[in-house]
């Protein structure tokens with residue numbers, strides 16, 4: 001017995017290790033692609049070089065100290081300064097080399113920096129406190145996105161699970177058919193509904209603010225502050241909700257319909273298990289793994305923010321930051337944002353494997369099939 | 001003797017894209033206490049639908065559900081769903097489903113599932129209920145430590161026995177068994193049939209056994225009902241039925257069952273069972289019947305034959 005226990009422990013450890021390695025490998029590939037894409041395969045170098053040349057020549061030509069130099073001398077000085085600046089920025093070395101010097105290319109160094117969460121400094125963007133450290137910039141924006149999208153996702157998730165359960169019980173009813181025909185409404189993105197909601201509730205009716213996180217100037221008392229934040233959250237939450245709820249209800253309804261025609265559900269009904277309990281023990285309980293997966297992925301997606309929706313509502317979160325970073329080729333910020341999400345996703349997927357084994361006795365970690 | 005179960009003109013129709021399926025079409029019968037009735041018929045003749053109609057396990061596409069059902073003196077059709085759940089389900093009738101292999105929730109321990117009816121209907125405490133489950137497991141022949149196992153850890157035969165234990169745990173009067181052994185090997189089948197026979201005596205149960213396995217069912221049956229195309233075509237004592245079936249369909253059906261120590265040519269019925277969407281007018285078996293005559297174009301009456309047998313055929317009118 002003890003021997004068997006030890007064996008399964010070894011198997012578990014080996015599985016855990018292999019799984020971690022596989023996830024990490026996928027993560028490295030993903031983040032490397034992000035680095036290459038964010039730098040446009042090295043094209044960003046050219047843009048930066050041009051920017052450096054332009055700004056240095058501007059400063060030399062406008063600097064009164066160099067007024068007496070000839071054009072020839074100024075050219076020489078500029079070339080020297082540009083070379084110095086490019087070296088300082090590391091732009092004298094190639095972005096990527098697909099030969100045995102790959103490990104010395106900047107792309108590889110960026111990769112190592114990203115994996116060790118050493119994001120360095122932003123190129124242009126800075127935090128409200130004035131720092132250019134990517135970590136500080138991200139940390140400043142993170143709470144806004146997490147607050148808005150965690151609430152939005154939780155509301156969508158639990159509403160749709162509840163409504164879907166009710167609908168799956170009333171298959172073919174008017175409400176059920178209505179939910180099926182409304183599902184395509186979710187093809188429009190949240191910002192589309194956002195624009196409409198702003199037009200109605202902010203522009204026409206003047207009931208709610210156009211955007212932002214809190215009114216300006218921010219209210220002094222904590223209560224008034226919270227109230228103002230909630231007022232600012234109503235429209236983005238509603239836009240997110242309207243865009244997400246229909247497809248979510250539809251897919252969960254279909255999911256529950258399939259699982260509520262299992263033989264054991266009918267058996268439980270024959271036994272006289274009351275409706276609530278039937279749903280809890282015979283429909284939700286056996287389908288927990290996919291439900292938990294969906295919830296977990298939804299929750300971490302809040303850590304990405306939503307690029308366009310945040311911009312529409314001027315929400316000061318990660319999505320807006322993403323937008324700014326992409327527009328200004330601020331690759332350290334782009335890579336930093338992507339890296340955090342990549343790690344979160346990797347860890348979530350890794351942990352979910354163990355959660356499945358906890359909630360479903362048929363699943364054994366390590367694939368030791370039971371039947 | 002007062003009938004335990006009385007069914008009058010029961011109808012259960014389903015809505016499908018092709019039309020309305022008349023799965024159970026005007027079924028009437030009575031069943032006395034402590035008897036075992038076997039219902040035989042081809043696949044798709046409405047046997048299982050009849051069971052579901054009695055249990056009010058209606059699928060989502062139910063079109064018509066009418067008739068009268070009296071269980072132990074209670075007018076079941078007049079009860080609301082909630083009343084039916086409280087008064088009938090597992091109180092009066094329990095059920096062993098056709099696919100008993102999948103009749104257990106895969107993520108809940110067997111013991112806790114078998115105990116569930118006691119918690120719901122008898123308001124027992126969990127420990128007390130589990131003691132009763134262990135007792136019932138001993139009766140049906142399930143090792144008592146299986147209480148703590150999950151369904152996937154049990155063999156098919158053991159799962160089947162656990163489901164039977166679940167049907168017995170609240171001592172209901174009537175147990176409806178829908179092909180309880182069809183997915184099992186022959187040895188396990190015989191084992192379970194013997195267990196069912198023993199349990200029937202011990203608990204003074206009434207059985208409705210639905211099967212297409214005529215040979216195995218003869219072990220248990222006291223009454224026999226033959227269904228064809230959603231209707232009863234023959235009803236009577238099992239002894240009479242197995243020796244001398246009267247309806248042409250029953251005769252053909254029995255002729256298709258191999259017997260030992262008898263040199264007989266196995267027979268079959270030509271043609272296909274009729275579609276239940278637009279069943280033929282008149283006698284539904286007429287197109288396949290070897291004894292049909294002019295009267296068969298008309299709906300045959302339910303004829304009372306001697307020994308209390310009933311046959312739906314013009315031949316006996």
Could you check residue B:65 against (1) under 20 Å from residue B:206 (Cα atoms); (2) in contact with a helix residue (DSSP H, G or I) (Cβ under 8 Å, 6 or more places away or on another chain); (3) surrounded by fewer than 24 Cβ atoms within 10 Å (Cβ to Cβ) and say which number it fails? (1)
Assess whether residue B:276 counts as being more than 16 Å from residue B:45 (Cβ to Cβ) and either touching a strand residue (DSSP E or B) at 6+ places or on another chain (Cβ under 6 Å) or part of a helix (DSSP H, G or I) (or both). no
If you go through the stretch A:325-346 one residue at a time, do you hit one that is surrounded by fewer than 20 Cβ atoms within 10 Å (Cβ to Cβ) and more than 30 Å from residue A:112 (Cα to Cα)? no
Looking at this structure, is residue A:186 closer than 30 Å to residue A:259 by Cα, within 14 Å of chain B (Cβ to nearest Cβ) and surrounded by 15 or more Cβ atoms within 10 Å (Cβ to Cβ)? no
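Identify all residues within the stretch B:178-190 that are in contact with a helix residue (DSSP H, G or I) (Cβ under 7 Å, 6 or more places away or on another chain) and more than 14 Å from every other protein chain (Cβ to nearest Cβ); write none if there are none.
Start the filter on the stretch B:178-190 by keeping residues that are in contact with a helix residue (DSSP H, G or I) (Cβ under 7 Å, 6 or more places away or on another chain), which leaves B:178, B:180-181, B:183-184, B:188-189.
Within the stretch B:178-190, B:181, B:184, B:188, B:189 qualify.
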Can you confirm whether the stretch A:113-129 contains a residue that is crowded, with 16+ Cβ neighbours inside 10 Å, assigned to a loop (DSSP other than H, G, I, E, B) and out of contact with any helix residue (DSSP H, G or I) (no Cβ under 9 Å at 6 or more places or on another chain)? no
Output for the stretch B:99-123, where each listed residue is more than 24 Å from the chain's Cα centre (by Cα) and within 7 Å of chain A (Cβ to nearest Cβ): B:106, B:107, B:108, B:120
Does residue A:151 satisfy the criteria of being farther than 27 Å from residue A:285 by Cα, touching a residue at least 12 places away in the same chain (Cβ under 8 Å) and either more than 14 Å from every other protein chain (Cβ to nearest Cβ) or in contact with a strand residue (DSSP E or B) (Cβ under 6 Å, 6 or more places away or on another chain) (or both)? no
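Can you tell me which residue within the stretch B:12-62, out of those that are within 14 Å of another protein chain (Cβ to nearest Cβ) and in a strand (DSSP E or B), is surrounded by the most Cβ atoms within 10 Å (Cβ to Cβ)? Walk me through it before giving the result.
Filtering the stretch B:12-62 down to residues within 14 Å of another protein chain (Cβ to nearest Cβ) leaves B:14-17, B:48-49, B:51-62.
Restricting the remaining residues to those that are in a strand (DSSP E or B) gives B:14-16, B:62.
On the way: B:14: 21, B:15: 15, B:16: 12, B:62: 14.
Within the stretch B:12-62, the match that is surrounded by the most Cβ atoms within 10 Å (Cβ to Cβ) is B:14.
Can you tell me which residue within the stretch A:250-269, out of those that are part of a helix (DSSP H, G or I), within 14 Å of chain B (Cβ to nearest Cβ) and in contact (Cβ under 8 Å) with a residue 24 or more places away in the chain, is surrounded by the most Cβ atoms within 10 Å (Cβ to Cβ)? Spell out the reasoning first.
Taking the stretch A:250-269 first, the residues part of a helix (DSSP H, G or I) are A:250-259, A:263-269.
Now narrow it down to the ones that are within 14 Å of chain B (Cβ to nearest Cβ): A:253-254, A:256-259, A:263-269.
Add one more test, that the residue is in contact (Cβ under 8 Å) with a residue 24 or more places away in the chain, and what stays is A:253, A:256-257, A:259.
Details: A:253: 25, A:256: 22, A:257: 17, A:259: 17.
The extreme case among them is A:253.
Could you please let me know if residue A:247 is part of a helix (DSSP H, G or I) and at pLDDT below 90?
The answer is no for residue A:247.
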Against the condition in a helix (DSSP H, G or I), surrounded by fewer than 15 Cβ atoms within 10 Å (Cβ to Cβ) and modelled with pLDDT under 85, how does residue A:83 come out, does it pass? no
State yes or no: is residue B:254 more than 15 Å from residue B:306 (Cβ to Cβ) and modelled with pLDDT of 90 or more? no
Here the residues within the stretch B:89-98 that are more than 7 Å from every other protein chain (Cβ to nearest Cβ) and either more than 19 Å from residue A:282 (Cβ to Cβ) or over 13 Å from the mean Cα position of the chain (by Cα) (or both) are B:91, B:92, B:93
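Regarding residue A:294, is this residue within 15 Å of the chain's Cα centre (by Cα) and under 30 Å from residue B:103 (Cα atoms)? Please lay out each step first, then the result.
Working: within 15 Å of the chain's Cα centre (by Cα): yes; under 30 Å from residue B:103 (Cα atoms): yes.
Considered against the rule, which asks whether it is within 15 Å of the chain's Cα centre (by Cα) and under 30 Å from residue B:103 (Cα atoms), residue A:294 comes out as yes.
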Of the residues B:131, B:86, which single one is within 11 Å of another protein chain (Cβ to nearest Cβ) and either within 23 Å of residue B:220 (Cβ to Cβ) or part of a helix (DSSP H, G or I) (or both)? B:86
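Counting only residues that are over 21 Å from residue A:266 (Cα atoms) and within 14 Å of chain A (Cβ to nearest Cβ), which one in the stretch B:147-177 is nearest to the chain's Cα centre (by Cα)?
At the first step, the residues of the stretch B:147-177 found to be over 21 Å from residue A:266 (Cα atoms) are B:147-149, B:153, B:155.
Remaining after also requiring within 14 Å of chain A (Cβ to nearest Cβ): B:148-149, B:153, B:155.
Working: B:148: 30, B:149: 29, B:153: 28, B:155: 24 Å.
Within the stretch B:147-177, the match that is nearest to the chain's Cα centre (by Cα) is B:155.
Touching a helix residue (DSSP H, G or I) at 6+ places or on another chain (Cβ under 8 Å), over 24 Å from residue A:295 (Cβ atoms) and in contact (Cβ under 8 Å) with a residue 12 or more places away in the chain: is that true of residue A:102 in this structure?
Values: touching a helix residue (DSSP H, G or I) at 6+ places or on another chain (Cβ under 8 Å): yes; over 24 Å from residue A:295 (Cβ atoms): yes; in contact (Cβ under 8 Å) with a residue 12 or more places away in the chain: no.
Criteria not met by residue A:102.
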Flag for residue B:106 being touching a residue at least 40 places away in the same chain (Cβ under 8 Å), assigned to a helix (DSSP H, G or I) and in contact with a helix residue (DSSP H, G or I) (Cβ under 7 Å, 6 or more places away or on another chain): no
Given (1) in a helix (DSSP H, G or I); (2) buried (at least 17 other Cβ atoms within 10 Å of the Cβ), number of the condition residue B:227 does not satisfy: (1)
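Does residue B:7 qualify as being more than 21 Å from residue B:180 (Cα to Cα), under 16 Å from the mean Cα position of the chain (by Cα) and part of a strand (DSSP E or B)? Break it down stepwise before answering.
On the way: more than 21 Å from residue B:180 (Cα to Cα): yes; under 16 Å from the mean Cα position of the chain (by Cα): yes; part of a strand (DSSP E or B): yes.
Answer is yes for this residue.
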Which helices (runs of 4 or more DSSP H) does the stretch A:270-371 wholly contain that include 1 or more residues that are within 14 Å of chain B (Cβ to nearest Cβ)? A:288-301, A:331-359
Go over the candidates A:190, A:184, A:236 one by one and state the one that is within 20 Å of residue A:251 (Cα to Cα), within 23 Å of the chain's Cα centre (by Cα) and in contact (Cβ under 8 Å) with a residue 24 or more places away in the chain. A:190
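The values are calculated or read from the model by the stated rules, or taken from the named source; none is laboratory data. Quantities reported herein were computed from a predicted structural model and do not represent experimental measurements. We place every Cβ from the backbone using ideal geometry, glycine too, and count neighbours over all the protein chains shown.
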